[in-house]
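The values are calculated or read from the model by the stated rules, or taken from the named source; none is laboratory data. Predicted model, so just to flag it, every value in this text is computed and none were measured. Here the Cβ positions follow ideal geometry from the backbone for every residue, glycine too, while neighbour counts run over all protein chains shown.
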Amino acid sequence: MTATDRTQSAPPALPEQVVRYVDRSQRSVDGWLSPLDARLVALVSAAQAGWGITGTLGEIGVHHGRLLILMALGLQPGERAFAVDIFGEQELNVDRSGEGDEGKFRANLARFGIPADRVAILQASSLEIRWPDIERQAGARSRLFSIDGGHTAHITANDLAIADAGLLEDGVAVLDDYFNPEFPEVSQGMCQHRLVDGGRLVPFAIGDNKLLLTRPGQGERYRAMLERSVPSRFLVRPTEMFGQPVIVFRTPRRLVHRIRQSELARRLRDHPIGRALKPLIRRLVRE
Ligand SMILES: C[S@@+](CC[C@H](N)C(=O)[O-])C[C@H]1O[C@@H](n2cnc3c(N)ncnc32)[C@H](O)[C@@H]1O
């Protein structure tokens with residue numbers, strides 16, 4: 001194995017401040033982000049940096065900046081982040097998802113030592129902007145783009161189209177709430193993007209509440225990187241979605257999940273004894 005092979009197969013090194021934020025300090029910022037989802041995003045960002053992918057990182061729908069700060073902590077020299085939110089114009093927040101506050105967002109950036117000039121802030125509804133408006137301020141196309149603004153089907157499809165236009169060919173978009181039954185229109189918006197609008201973003205990984213997307217043919221190395229970097233207790237299984245291979249991770253919150261996602265259960269599933277015991281086990285640990 002050459003030194004390059006070793007670097008490509010080792011989990012990407014997360015900067016210490018990123019690890020601290022993922023495991024602990026993100027909780028001090030109001031918002032919605034599980035430690036597992038934070039880790040998935042941090043790993044993607046660090047892997048991109050290791051692979052020489054450079055560009056802007058940012059989000060539509062920042063609230064107080066919980067995820068945006070994580071992205072900004074991973075900025076490489078010369079890169080800038082972007083943040084799009086309606087902030088004070090909450091009358092435009094049609095589905096009442098979160099409540100952006102520019103003052104609290106700026107204070108949180110400062111608290112985590114992120115210089116104000118490293119983040120382009122656009123106060124606007126995403127329905128009123130197109131990708132070039134963001135690029136003019138952020139200075140480059142995007143390597144990592146989170147979509148967590150309005151949660152209607154129309155806004156979701158609109159925001160996916162902005163991400164599709166701005167993302168580098170091997171960049172990653174992160175869609176919030178796709179599987180959240182409280183926001184079924186997010187799923188509808190993603191289906192519209194892929195099946196009606198001819199959008200080019202396809203899934204490659206699923207976390208607690210994030211769907212990770214890239215262009216067809218680009219998911220393999222991200223999937224492989226996550227599989228070797230995320231502790232196996234979070235791994236549910238590889239499967240397919242929109243005709244693309246995806247890997248599913250989930251925080252095992254209940255005993256039944258812990259058992260199902262254990263190494264022993266994985267081995268038993270592929271063994272004749274495990275297959276024979278399956279009906280009994282299902283009766284015992286029915287959710
Ligand atoms: C669920 S919160 C975002 C949470 C955030 N990503 C975090 O890390 O905690 C949704 C945000 O989207 C903003 N928003 C709602 N509709 C929007 C729109 N049409 N354009 C831009 N932002 C919007 C809201 O103001 C709110 O801050």
Scan (1) surrounded by 14 or more Cβ atoms within 10 Å (Cβ to Cβ); (2) out of contact with any helix residue (DSSP H, G or I) (no Cβ under 8 Å at 6 or more places or on another chain) for the single condition Asp177 breaks and write down its number. (2)
Filter segment 142-201 for residues that are within 15 Å of the ligand (Cβ to nearest atom) and of a type in the set (Val, Ile, Thr); which is nearest to Leu213 (Cα to Cα)? Val174
Condition (residue is of a type in the set (Phe, Trp, Tyr) and near the ligand (Cβ under 10 Å from one of its atoms)) applied to segment 75-87: is it met by at least one residue? yes
Quick check on Met190: is it surrounded by 18 or more Cβ atoms within 10 Å (Cβ to Cβ), closer than 25 Å to Thr156 by Cα and of a type in the set (A, V, I, L, M, F, W, C)? yes
Take segment 169-190 and flag every residue that is under 16 Å from the mean Cα position of the chain (by Cα) and not in a loop (DSSP other than H, G, I, E, B). Asp170, Gly171, Val172, Ala173, Val174, Leu175, Asp176, Val186, Ser187, Met190
Scanning segment 117-161 residue by residue, the ones that are surrounded by 22 or more Cβ atoms within 10 Å (Cβ to Cβ), part of a loop (DSSP other than H, G, I, E, B) and not small (Gly, Ala, Ser) total 2
For the list (1) crowded, with 20+ Cβ neighbours inside 10 Å; (2) within 16 Å of the ligand (Cβ to nearest atom); (3) at pLDDT 95 or above, I need the number of the one condition that Gly103 fails. (1)
Being within 12 Å of the ligand (Cβ to nearest atom) and in a helix (DSSP H, G or I) is the filter; apply it to segment 30-46 and report the residue that is nearest to Glu59 (Cα to Cα). Val41
Do any residues in segment 252-264 that are at positive phi and in the same structural domain as Pro231 (by TED's automatic domain parsing) have Cβ atoms under 6 Å from those of residues that are assigned to a helix (DSSP H, G or I) and surrounded by 14 or more Cβ atoms within 10 Å (Cβ to Cβ), where the two are at least six apart or on different chains, and which pairs are they? none
Among Phe183, Phe204, the single one that is aromatic (Phe, Trp, Tyr), in contact with a strand residue (DSSP E or B) (Cβ under 7 Å, 6 or more places away or on another chain) and assigned by TED's automatic domain parsing to the domain that holds Ala81 is Phe204
Qualifying residues in segment 52-74 (those that are near the ligand (Cβ under 6 Å from one of its atoms) and assigned to a loop (DSSP other than H, G, I, E, B)) - the one nearest to Val94 (Cα to Cα): Gly61
Checked against (1) more than 16 Å from the chain's Cα centre (by Cα); (2) in contact (Cβ under 8 Å) with a residue 40 or more places away in the chain; (3) within 14 Å of the ligand (Cβ to nearest atom); (4) not in a loop (DSSP other than H, G, I, E, B), Gly98 satisfies every condition except (4)
So Arg27 ticks every box in (1) under 21 Å from Ser142 (Cβ atoms); (2) in a helix (DSSP H, G or I) but one. Which box is left unticked? (1)
Residue, nearest to Lys210 (Cα to Cα), within segment 18-71, restricted to residues that are of a type in the set (D, E, K, R) and buried (at least 20 other Cβ atoms within 10 Å of the Cβ): Asp37
Restricting attention to segment 72-100, report how many residues are within 20 Å of Val22 (Cα to Cα) and either surrounded by fewer than 16 Cβ atoms within 10 Å (Cβ to Cβ) or of a type in the set (A, V, I, L, M) (or both). 6
